[in-house]
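K.L.:
Please find one structure pasted underneath; my questions will follow.
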Amino acid sequence: MSMSRNNIDPVEIQSASEDGDFTSTYVFDISDQMLGGEVCTGLALALAEVLDRDPARMTPLSSVVDCDALQMLFHTRRYGDLRDDVSVSFPYDVYEVTVHSSGRVVVQG
């Protein structure tokens, strides 16, 4: 899945087959991007890794989720710490994406 671009490697990949349906779960850590105020950049890089596409050739993330709202929701605390116990889920392509305030991103599909 590695491409010649800035990418984020999954921390964990799980695959399962239920009644002949193949599903995969990818887990990423975008805490560095969150701390840098780039939540949607981290998400786009994670999704690009799952889809094996260049982010510029993907459906824009802003067409499925409000990136400004995500940035405000996951904005770091006064002293640069990540927020506690916040998560947001949304569909993207054939995947369900869940972003946690810890920087953990789970992509299932």
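The values are calculated or read from the model by the stated rules, or taken from the named source; none is laboratory data. What you see is a predicted model; the values in this text were computed from it and never measured. Positions of Cβ are generated from backbone atoms using ideal geometry, with glycine treated the same way; all protein chains shown enter the neighbour counts. In case anyone asks, the SASA skips ligands and DNA or RNA and just uses the protein heavy atoms, side chains included. Shrake-Rupley method; radii C 1.70, N 1.55, O 1.52, S 1.80 Å.
K.L.:
Per residue of the range 89-101, what does 6.51 cos²θ - 1.76 cosθ + 1.60 with θ = phi - 60° give for ³J(HN,Hα)? Whole Hz please, x for Gly and Pro, Karplus curve as stated.
P.N.:
Whole-Hz 3J(HN,Hα) from phi for the range 89-101: 10, 7, x, 9, 6, 9, 10, 10, 10, 10, 10, 10, 4.
K.L.:
Still on this structure, I have one more. Given the options 26, 95, 79, state which has the largest fluctuation in a GNM of the chain using a 10 Å cut-off (strictly under) for Cα springs.
P.N.:
The residue that fluctuates most here is 79.
K.L.:
Right, here's the next one. Accessible area per residue, 1.4 Å probe, Å², for the chain: what's the number?
P.N.:
Accessible area per residue: 60 Å².
K.L.:
Could you give me the radius of gyration and the Dmax of the chain, taking only the C-alpha atoms into account and expressing both in angstrom?
P.N.:
Rg, Dmax (Cα atoms, Å): 13.8, 48.
K.L.:
Compute the helix-to-body angle for 39-51: its Cα long axis versus the longest principal axis of the chain, expressed 0 to 90° and rounded to tens.
P.N.:
So the inclination is approximately 10 degrees.
K.L.:
What 222 nm value per residue comes from the helices of the chain, counting each DSSP H run with n ≥ 4 as -39,500 (n - 2.57) and dividing by all residues, nearest 500 deg cm²/dmol?
P.N.:
Rounded to the nearest 500, it is -6500 deg cm²/dmol.
K.L.:
Continuing with this model, one more query. Using a simple charge model, +1 on the beta-carbon of Lys and Arg, -1 on the beta-carbon of Asp and Glu, nothing else, what dipole does the chain show about its Cα centre, in debye to the nearest 20?
P.N.:
420 debye
K.L.:
Would you kindly state how much longer the chain becomes between residue 12 and residue 32 on full extension, computed as 0.36 nm times their sequence separation minus their alpha carbon distance, in nm to one decimal?
P.N.:
5.5 nm
K.L.:
Continuing with this model, one more query. Using a cut-off of 11 Å between beta-carbons, work out the net charge of the residues near residue 40 (Lys and Arg +1, Asp and Glu -1, residue 40 not included).
P.N.:
-3
K.L.:
Determine the share of the chain's accessible area contributed by carbon and sulfur atoms, expressed in whole percent, with a 1.4 angstrom probe.
P.N.:
Reported share for carbon and sulfur atoms: 44 percent.
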